[in-house]
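Everything below concerns the one structure shown next.
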Amino acid sequence: MKLRILLFAITLVFSSGLLAQTQADDPVSLVESITGAIFADVTENMEEYTANPEALEALVRRDLMPLLDINYSARLILGRAGRGLKQEKIDEFATSMTDLLVNRYAKGLLYFSSEVKIRVLPQRGELNEKLTRVRSRVVMPKGGEAPVDYAFHNTPDGWKAFDVIVEGISYVTTYRNQIMPEVKANGIDNVIERLNKGQLELAE
Amino acid sequence: MQKRLSLISLLILSLVLAGCAGTQSRHTDPENDPWEGYNRKVYAFNDGLDKVVRPVAVAYDKITPDPVQRGFGNFFRNLDAPVTYVNLVLQGKFKESVETIGRFLVNSTIGLLGFFDLASKWGLPYYNEDLGQTLATWGYEDSRYLMLPVFGPSTFRDGTGRLVDSYYHPVGRVLHGSNEWGLWIFRGIDTRARYLDQDAELQQAYDPYVLMRDVWIQNRQYQIYDGDPPMMDYDLYLDDYSEEEEPATEVDP
């Protein structure tokens, strides 16, 4: 019971943004505190979230999304295909990506959070002013670890993650090489439509 | 000898069949993949071969309990140890090479022919090296992407390395006249079964060939740097916005 209250307090602090001011905001601490809080919340309220996935998506949107710079990821992914596009189109694309990501992450949480553990490795060397990598390990229940890294860059709003790298495979690079030719061939509107549809399919 | 011929004829067959397959020859990455036209044909051939291999791998995955499958995985991984040992020495990683001998001895005996990875529990970590990685650490860093028939993604460097390693690999020796084909095929099925989870992702991709190439090249880089590759230069991706050159695909559809 005590734990529940504590967790409630943590979420409260998070949502009100108080923590951001009191706590160190280097990337390693950010990853540690935010993934820790989300995992704890999901483990604690598993039944509620299984019954009501929208509530979990809302949690992910509120707690995880502020840590990410999806607009920057979208620009990197669109690359040359984004040249000449209006800013609204790029924003629209970023929104579709966000929806897809939130949906997938929430699904993954329901599936994995009770089994896997996240171990964030300490920052190595001096913290670069602009760019850094946070290294973590996803510890599987049956042994074995998957290395997951996050690329962060420093923005006026603090450190934000824009890429996930699993066993050396960058989400941005891999996704970019699929999206760029698709946008060139089918146009950005069709791609956005497909992403939104994919979101629906995944939600079912 | 006869069996050895059959593999060579399989490779030749793959090239002939590849000639028939009507795949598009594009140039999505001229720098890393100048042989894309050829590679796509071999990819199509492997994809055809997979129509036979995949169902077997699915069945194997279904009927084999997870712990047993892990055991087979450990068994085959243990047989890589001689190749890893030699290449650790070639790379000057002597402490790791001694640990690898220790692993091999422990797992091959007490670990019942490698079925149980006791060494990892006893603090002898697993390393994975091969001649391709050794050549890369010696300075042969960039090599052309090369799709191998049957074996799948590789580079010219790694394909050559693989051939040399296979001369003294307990299972790979089958390509040079050893008669343990059953083991070789079984390893292939076991390996294929480990990638079943990724099939859906690959099929849904806009360009599965490119997805496989990207994933393989990046993961290979990760192996070469022993899990710690340098951070890539994301700024290059943004430079695309200011570049003036027109994409080649619009000139040559």
Taking each residue in B:202-211, count the Cβ atoms of any other chain within 10 Å of its Cβ, then average. What number comes out? 3
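How fast does the stretch A:46-105 diffuse by Stokes-Einstein, in µm²/s, taking the Kirkwood radius from C-alpha pairs at 4 °C and 1.567 mPa s?
Details: Rh = 12.7 Å.
Approximately 102 µm²/s, per Stokes-Einstein.
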Is there a pair in A:Lys184/B:Lys51; A:Lys89/A:Lys184; A:Lys142/B:Lys121; A:Lys142/B:Lys95; A:Lys130/A:Lys184 whose C-alpha atoms are over 23 Å apart, and which pairs would that be? A:Lys184/B:Lys51; A:Lys142/B:Lys95; A:Lys130/A:Lys184
Compute the signed sum of charges (Lys and Arg +1, Asp and Glu -1) over the other residues within less than 12 Å, Cβ to Cβ, of B:Gly111. +2
Grab the alpha carbons of the stretch A:81-155, take their convex hull, and tell me the volume per residue in Å³. 138 Å³
HN-Hα couplings for the stretch B:56-71 via Karplus (6.51, -1.76, 1.60; θ = phi - 60°), in whole Hz with x for Gly/Pro, come out as 5, 5, 5, 4, 4, 5, 6, 7, 8, x, 3, x, 5, 4, 4, x
Filter the cross-link list A:Lys107/B:Lys93; A:Lys107/B:Lys62; A:Lys160/B:Lys93 down to pairs whose alpha-carbon distance in this structure exceeds 31 Å. A:Lys107/B:Lys93; A:Lys160/B:Lys93
Could you pull out the GluC sites (Glu not before Pro) across the stretch B:95-177 that fall in loop regions by DSSP (anything but H, G, I, E, B) with no more than 13 other Cβ atoms inside 10 Å? B:Glu141
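Within 10 Å, count the other beta carbons around each residue, average over each peptide in B:46-55, B:202-211, and list them highest first.
Result, highest mean first: B:202-211, B:46-55.
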Percent breakdown of C-alpha pair distances by 10 Å bin, ordered from the shortest bin, for the stretch B:150-196: 25, 50, 24, 0
Do me a favour and compute the ellipsoid semi-axes for the stretch B:38-168 from its Cα gyration tensor, root of five times each eigenvalue, largest one first, whole Å. 28, 25, 9
Give me the tail of P(r) for the stretch A:32-188 as a percent: Cα-Cα pairs with distance above 25 Å. 37 percent
GluC sites (Glu not before Pro) in the stretch A:90-143 lying in a DSSP loop, each with at most 12 other Cβ atoms within 10 Å of its Cβ, come to A:Glu115, A:Glu126, A:Glu129
May I ask you to list the residues of the stretch A:74-93 whose amide nitrogen lies under 15 Å from a point 7 Å from Cα along the Cα→beta-carbon direction of A:Arg104? A:74, A:77-78
Once the other residues with Cβ under 12 Å from the Cβ of B:Trp216 are scored (Lys, Arg +1; Asp, Glu -1), what is the net sum? -2
Near A:Lys197, which aspartates and glutamates are there with a Cα under 13 Å away, not counting those fewer than 8 places off in the same chain? A:Asp99, A:Asp189
Going by C-beta contacts inside 10 Å, put B:Leu118, B:Leu112 in order with the fewest on the left. B:Leu112, B:Leu118
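Using the per-residue mean of other Cβ atoms lying within 10 Å as a proxy for protection, in what order, highest first, do the peptides A:75-82, B:145-152 fall?
My ranking of the peptides, most packed first, is A:75-82, B:145-152.
Only the coordinates and a few stated rules stand behind these numbers; no lab work does. Predicted model, so just to flag it, every value in this text is computed and none were measured. With ideal geometry, Cβ positions are generated from the backbone for all residues, glycine too; neighbour counts draw on all protein chains shown.
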